Every structure is written in C-alpha cells, then in structure tokens.
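Take a look at the following structure, please.
Here, each number is a calculation from the coordinates, and none is a lab measurement. Source: prediction; values computed, not measured.
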Amino acid sequence: MERIPMSEKDLKRLEVLDRVESGRFKQVSGARVLGISTKQTRRLLRRLEQEGSKGLVSKKVGALAIIGSL
C-alpha cells in the first residue's frame, strides 16, 4: 500500500466525501462543510472514484518547487 502525503485540508475532504459516498451526508451538506460548491463536490467525488485518495491531493503540490527553480 502506497503512503500518500496529505494536508489537513485533504484529509478533511476525504472524510467528508466518504460520508457523502456512504449516504450519511448529502452532496449539499458535504459542500457546505467543505466550503465549496455542489458542482466542485461532484468533481471531487468523481476524482476520488477514478484515482482514489491521491486524486484529492492538491495538484499545486510540487508546482512551487518547479517554479522556484527557474
């Protein structure tokens, strides 16, 4: 099993989206908890389904290192 470095924000997203997937939260409630739109919630759910947990990690991670080296 691969370890995925996640921020607190990523972990909270994973927890809330797991609740939405299991039916304990509705998409609207999950979106409110995360402070995002229902459309963004659906995008994250799709990414979680396709890529697993690592799909929730910010795509900006590592980008600063590349920009900083220029």
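Using a cut-off of 12 Å between alpha-carbon atoms, which aspartates and glutamates can reach Lys59, once sequence neighbours fewer than 8 places away in the same chain are excluded?
Straight-line reach from Lys59, under 12 Å: Asp10.
Need the list of aspartates and glutamates near Lys26 for cross-linking: C-alpha distance under 15 angstrom, and skip anything on the same chain fewer than eight residues off.
Leaving aside aspartates and glutamates fewer than 8 places away in the same chain, those within reach of Lys26 are Glu15, Asp18.
Could you name the lysines whose alpha carbon sits less than 16 Å from that of Lys54, not counting residues in the same chain fewer than 8 places away?
The qualifying lysines are Lys9, Lys12.
Apply the Karplus parameterisation 6.51 cos²θ - 1.76 cosθ + 1.60, with θ equal to phi minus 60°, to every residue of segment 6-19 and state each ³J(HN,Hα) to the nearest whole Hz, in sequence, with x for glycine and proline.
My calculation for segment 6-19 gives 10, 7, 4, 4, 4, 5, 5, 4, 4, 4, 5, 5, 4, 5 Hz in order.
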